[in-house]
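Peer 1: Sending over a structure as structure tokens; questions will come in a sec.
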Amino acid sequence: MERIKTKKDILEILCCPTCKSDLEIEIKKEEKDEIITGILICKKCKNNYKIEYGIPNLLPKKEKNDFNQ
Amino acid sequence: MNSYNLLKSEKTWNAIAKSFDITRKKPWNQCIDFINDLSKEDIVADFACGNGRHLIPAAKHCKYVIGLDISGKLIEIVQKKLNNEKIRNVTLIHSDIVNNPTESESVDAAMYIAALHNIQGRINRINSLKEIRRTLKNDGVALISVWSRWQDKYRMHFLKKWFFQIGNSEFGDIDILWRQHGLNIPRFYHLYSKKEFQKDLKDANLKIIEINNTKLISKKHPDNYFAIVKK
């Protein structure tokens, strides 16, 4: 698969867990080819998902609310 | 989706993560065989990668691996191992399989090992299998394993339940306590019969290439079923 060359490229095969749309990335900190801190934003439903310590947290937002109720 | 109770599941696995890692060092042969049959150019997804005991061999053999897990603590454990071994061709993602954040037709192979049986509610389990199917490329392949309901350890429990028609939960559901290292934490399981496993795979529109009974610990009756499936 040609499009996966670096750790950063893998974000291309990620999508929004809720609506499966593409994600946009806002990079806050990167090292070499890796995004350490940033935000993934769904192009459609606009949900935000954090990347911290190089790990995207793509647990759906809706579920968290369900749990809190 | 409430019945599936995502965050309860995350809390459970976070609580036992360290202990789980200590007791789950050795990869299963069935998984190693599956990985060895993959191409070196393959992109692999390990759905519910746990402590990474199958993710790491996959990363050493294949081009790139994405490892997903519901437990942030288990993800941290895997990240440490990757750093120690200087393995770079892995991305870890904190997520769950029912709400799979992987694009359609993006991976050559998927592993979904000993995790389907932790999802509560048949609809959720089938949805998770459909999500595996969606993610696979058209010629992609997946290895899926579940615990057996009729293994030696739980056989009597389910025979009694079946005979006396006890309880109103789904037949096969059981809370299994994690009792290592002084912990006493219940984990939800839906233990499978082989027939039910085959049915769920078919209902998710997955084609069964091979399905095997294995005895990893059990002496008499199989304790796990492994299926190799395609689209």
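Peer 1: Restricting to the stretch B:51-81, what's the tally of residues that are polar (S, T, N, Q) and more than 14 Å from every other protein chain (Cβ to nearest Cβ)?
Peer 2: Taking the stretch B:51-81 as the starting set, the residues that turn out to be polar (S, T, N, Q) are B:51, B:71, B:79.
Then keep just the ones that are more than 14 Å from every other protein chain (Cβ to nearest Cβ); that gives B:51.
Total meeting the criteria: 1.
Peer 1: Here's another thing I want to ask about it. May I ask you to verify whether B:Lys137 is closer than 29 Å to B:Asp37 by Cβ and exposed (fewer than 15 other Cβ atoms within 10 Å of the Cβ)? Give the steps one after another, and end with the answer.
Peer 2: On the way: closer than 29 Å to B:Asp37 by Cβ: yes; exposed (fewer than 15 other Cβ atoms within 10 Å of the Cβ): no.
Considered against the rule, which asks whether it is closer than 29 Å to B:Asp37 by Cβ and exposed (fewer than 15 other Cβ atoms within 10 Å of the Cβ), B:Lys137 comes out as no.
Peer 1: Of all residues being part of a helix (DSSP H, G or I) and touching a residue at least 60 places away in the same chain (Cβ under 8 Å) in the stretch B:152-192, which is surrounded by the fewest Cβ atoms within 10 Å (Cβ to Cβ)? Just the residue, please.
Peer 2: Among them, the one singled out is B:His181.
Peer 1: Something else: What are the residues in the stretch B:200-231 that are assigned to a helix (DSSP H, G or I) and either within 12 Å of B:Val146 (Cβ to Cβ) or under 16 Å from the mean Cα position of the chain (by Cα) (or both), if any?
Peer 2: Of all residues in the stretch B:200-231, those assigned to a helix (DSSP H, G or I) come to B:200-203.
Hits for the stretch B:200-231 are B:Asp200, B:Leu201.
Peer 1: Please identify the pairs in which a residue from the stretch A:1-20 that is under 18 Å from B:Ser95 (Cβ atoms) and more than 9 Å from every other protein chain (Cβ to nearest Cβ) has its Cβ atom under 7 Å from the Cβ atom of a residue that is surrounded by fewer than 17 Cβ atoms within 10 Å (Cβ to Cβ) and at pLDDT 70 or above, counting only partners at least 6 apart or on another chain.
Peer 2: As it stands, the answer is A:Cys19/A:Lys44; A:Cys19/A:Cys45, since those pairs meet every condition given.
Peer 1: Given the residues B:Lys137, B:Lys195, which is the only one that is basic (Lys, Arg) and either in contact (Cβ under 8 Å) with a residue 40 or more places away in the chain or not in a strand (DSSP E or B) (or both)?
Peer 2: The conditions single out B:Lys195.
Peer 1: In the stretch B:95-112, which residue that is more than 8 Å from chain A (Cβ to nearest Cβ) and modelled with pLDDT under 95 is nearest to B:Asp37 (Cα to Cα)?
Peer 2: The extreme case among them is B:Ile97.
Peer 1: Could you say whether any residue in the stretch A:47-60 is surrounded by 15 or more Cβ atoms within 10 Å (Cβ to Cβ) and modelled with pLDDT under 90?
Peer 2: yes
Peer 1: Run B:Lys86 past the list (1) facing chain A (nearest Cβ under 10 Å); (2) among the charged types (D, E, K, R); (3) in a loop (DSSP other than H, G, I, E, B) and report the number of the one that doesn't hold.
Peer 2: (1)
Peer 1: When residues of the stretch B:14-56 are filtered for being charged (D, E, K, R), in a helix (DSSP H, G or I) and modelled with pLDDT of 95 or more, how many remain?
Peer 2: 1
Peer 1: Moving on to the next point. What is the one condition in (1) surrounded by fewer than 22 Cβ atoms within 10 Å (Cβ to Cβ); (2) within 14 Å of the chain's Cα centre (by Cα) that B:Ala45 does not satisfy?
Peer 2: Among (1) surrounded by fewer than 22 Cβ atoms within 10 Å (Cβ to Cβ); (2) within 14 Å of the chain's Cα centre (by Cα), the lone unmet condition for B:Ala45 is (1).
Peer 1: Looking for something closer than 24 Å to B:Ile217 by Cβ, free of Cβ contacts under 8 Å to residues at least 40 places away in the same chain and touching a helix residue (DSSP H, G or I) at 6+ places or on another chain (Cβ under 8 Å) - is there at least one such residue anywhere in the stretch B:9-31?
Peer 2: Yes: the stretch B:9-31 contains one or more residues that are closer than 24 Å to B:Ile217 by Cβ, free of Cβ contacts under 8 Å to residues at least 40 places away in the same chain and touching a helix residue (DSSP H, G or I) at 6+ places or on another chain (Cβ under 8 Å).
The values are calculated or read from the model by the stated rules, or taken from the named source; none is laboratory data. These numbers come from a predicted model, not from an experiment. Positions of Cβ are generated from backbone atoms using ideal geometry, with glycine treated the same way; all protein chains shown enter the neighbour counts.
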